[in-house]
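Worksheet for the structure shown next.
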Amino acid sequence: MAQPPTDADIIERSWKEPEVFAELFEQHYLTIRRYLVRRVGAAGADLAADVFLAAFDSRFTYRLDHQDARPWLFGISANLLKHYLRDERRRLAALARVPPAPSFNDPYDAVDAALDAETALVRVAWALSLLNETDREMLLLLCWGDLSYEEISQALDVGVGIVRSRIHRARVKIRELVGSEWEFNTVETGESDGGAP
């Protein structure tokens with residue numbers, strides 16, 4: 001039984017048969033869209049389409065030794081986000097200034113839980129706004145993009161040691177700002193980030 005084509009195979013074929021690139025879109029669009037919508041809300045859907053337009057235009061520069069195109073697509077996403085989100089720090093800081101909704105001693109635990117979650121969101125948004133752009137991008141690629149350290153390294157074209165160090169630093173800073181009781185929930189990558197708490 002023949003193996004399904006890798007992303008690299010699809011991209012290489014698209015050099016002569018451009019319509020084949022649609023297969024790459026079908027495989028990865030929802031993943032990229034989900035990440036971008038988490039980053040910028042509804043505008044992420046349009047931005048995801050722009051990622052694939054940019055990927056199509058730059059497909060001839062793709063390194064065929066990378067079988068999985070996800071890191072490449074996330075790298076393009078990161079570059080487009082830089083242009084689109086020049087004011088991300090201001091937006092996150094503005095969210096952090098929004099006072100939590102008042103509590104009315106509602107007897108239902110669900111209301112209290114929702115208010116606690118809203119307060120936590122404000123605190124996390126504020127902490128994220130204080131990270132530098134690169135540290136924030138790496139942390140969100142890990143947590144929301146489900147990329148491994150190696151894939152983040154490939155996506156942003158930096159060494160994996162730098163990725164580990166900066167993600168560790170970002171986690172430490174957020175814990176300092178938000179409080180020691182808060183844990184940054186990351187998707188398991190099967191890796192350690194060098195003893196990060």
(message) On the Cα set of region 1-86, report Rg and Dmax in Å, please.
(response) 13.1, 49
(request) Positive end of the charge dipole of region 1-86 (Lys, Arg +1 and Asp, Glu -1 on Cβ, about the Cα centre): tell me which of Ser14, Leu53, Asn79 has its Cα farthest that way. (result) Asn79
(message) Using 0.36 nm times the number of residues separating Leu130 and Val160, minus their current alpha carbon distance, what extension gain do you get?
(response) 8.5 nm
(request) Calculate the spin-label point distance for Glu23 paired with Arg97, positioning each point 7 Å from the Cα along the beta-carbon direction, and give it in nanometres. (result) 5.2 nm
(request) Only loop residues by DSSP count here, and only those with at most 13 other Cβ atoms within 10 Å; note down the GluC sites (Glu not before Pro) in region 1-47 that meet that. (result) none
(message) Which residues does the label zone of Thr6 cover in region 31-75, counting backbone N under 15 Å from a point 7 Å along Cα→Cβ?
(response) 62-72
(request) Please sort 136-147, 158-169 by packing, taking for each peptide the average over its residues of neighbouring beta carbons within 10 angstrom, highest first. (result) 136-147, 158-169
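No value in this document is a laboratory result; all are computed from the given coordinates. Since the model is a prediction, treat every value here as computed from it, not as a measurement. Cβ coordinates were reconstructed from backbone atoms using ideal geometry, including for glycine residues, and neighbour counts include every protein chain displayed.
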